[in-house]
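**Student:** Quick one: the structure is below, questions incoming.
The values are calculated or read from the model by the stated rules, or taken from the named source; none is laboratory data. What you are looking at is a predicted structure, and each value in this text was computed from that prediction instead of being measured. Cβ: placed from backbone, ideal geometry, glycine included. Neighbour counts: every protein chain shown. Heavy atoms of the whole protein, side chains included, go into the accessibility calculation; ligands, DNA and RNA do not. Shrake-Rupley method; radii C 1.70, N 1.55, O 1.52, S 1.80 Å.
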Amino acid sequence: MARFGLVLVVALSITISMLPDTTTAQLKTNFYGKSCPNVEKIVKQVVNQKIKQTFVTIPATLRLFFHDCFVNGCDASVMIQSTPNNKAEKDHPDNLSLAGDGFDVVIKAKKAIDAIPSCKNKVSCADILTLATRDVVVAAGGPSYTVELGRFDGLVSTAASVNGNLPGPNFKVTELNALFAKNKLTQEDMIALSAAHTLGFAHCGKVFNRIYNFNRTHSVDPTINKAYAKELQLACPKKVDPRIAINMDPTTPRKFDNIYFKNLQQGKGLFTSDQVLFTDGRSRPTVNDWAKDPVAFNKAFVTAMTKLGRVGVKTRRNGNIRRDCGAFN
């Protein structure tokens, strides 16, 4: 991030005409202003059409963006299909639960953009995913925000690169802070981004340990609201298929809102990594603030998403514009 900021400062002091095309990409809001001016409108239309077909598009796209940016930066490398010679990111165990609707909306938007002759092969899959993520947040009632554009698509995607780079459901605050700090994100950013769990679903297998065999003293995690624990046990009986889906937010699972924080106050965080944000004294004040102030939360979420979108941005030197989001050129 510091290096990226330095590039911005240097760029301001040099006339643009002096900069070769291979210089580090500067993210800017009107990056496609001349090459494909309707790009945002096209992506939004595709996103809204896809949401009409299935609500899953919303949490699937949001999660896909996080999983992409946390591994090698926001470069759409998570979308690459594996080949006989390369096991790609998407086939790492931590990514196998990414819903296909997130991939599909990016592929459809890419097709719609490339159908316009002046836009063909001008817009990166990484930028399309970033725009689609903003659009699904808005569609679920979340804040709208301006998206910086100018990312190039990554040239590498390996399953091995995912190891240790995504937060786990049993992470504590210290582990979460360390992982987010690797991406130049603060504790406040981490709490704001964790609230993406206000949407979508998880699988029973991810919560069995909290509701059946927590530790030697307690079969159920004592930080879980007792009534909520019973609801989870009904939804996820002991011998149920671990892939059965349950809502992340038991109150308003289809709405992007600050109810996530109110749920944490009541012991209704689905994962350990959610509930610790309230049980840990370092993060609890922020949870309490945002539980009562949705405007402050929305503002923090926009800040965090903008910062996340700057992680590991590729340039013309180490990236390109993919013709097919699922395969290298």
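**Student:** Simple spin-label model, 7 Å along Cα-to-Cβ: Arg216 to Lys52 in nm?
**Tutor:** Distance between label points: 6.0 nm.
**Student:** Packing-wise, with mean Cβ within 10 Å as the measure, how do 75-87, 159-171 rank, highest first?
**Tutor:** My ranking of the peptides, most packed first, is 75-87, 159-171.
**Student:** At 1.4 Å probe size, with the rest of the protein present, what percent of the exposed accessible area of the range 38-162 is carbon and sulfur atoms?
**Tutor:** Heavy-atom surface of the range 38-162 belonging to carbon and sulfur, 1.4 Å probe: 54 percent.
**Student:** So which lysines pass the test for Lys120, namely a Cα distance under 16 Å, with those fewer than 8 places away in the same chain ruled out?
**Tutor:** Within the straight-line limit of under 16 Å, Lys120 reaches these lysines: Lys34, Lys41, Lys108, Lys110, Lys111.
**Student:** Would you list, by chain and number, the lysines whose Cα falls below 29 Å from the Cα of Lys226, excluding same-chain residues fewer than 8 positions away?
**Tutor:** Output for Lys226: Lys172, Lys206, Lys238, Lys239, Lys255, Lys262, Lys268, Lys292.
**Student:** Now for a different question. Could the peptides 264-272, 202-210 be put in order, highest first, of the mean number of other beta-carbon atoms found within 10 Å of their residues?
**Tutor:** Top to bottom by mean Cβ count within 10 Å: 264-272, 202-210.
**Student:** Of the accessible area of the range 173-308, with the probe set at 1.4 angstrom, what percent is carbon plus sulfur?
**Tutor:** The nonpolar share, carbon plus sulfur, comes to 55 percent.
**Student:** Keeping every protein chain present and rolling a 1.4 Å probe, give me the accessible area per residue for the chain in Å².
**Tutor:** 47 Å²
**Student:** Mind checking the dipole of the chain: about its Cα centre, +1 per Lys or Arg Cβ, -1 per Asp or Glu Cβ, Debye to the nearest 20? Write down the numbers at each step before the final one.
**Tutor:** Details: 43 positive and 27 negative charges, 41 e Å.
Its charge dipole is roughly 200 debye.
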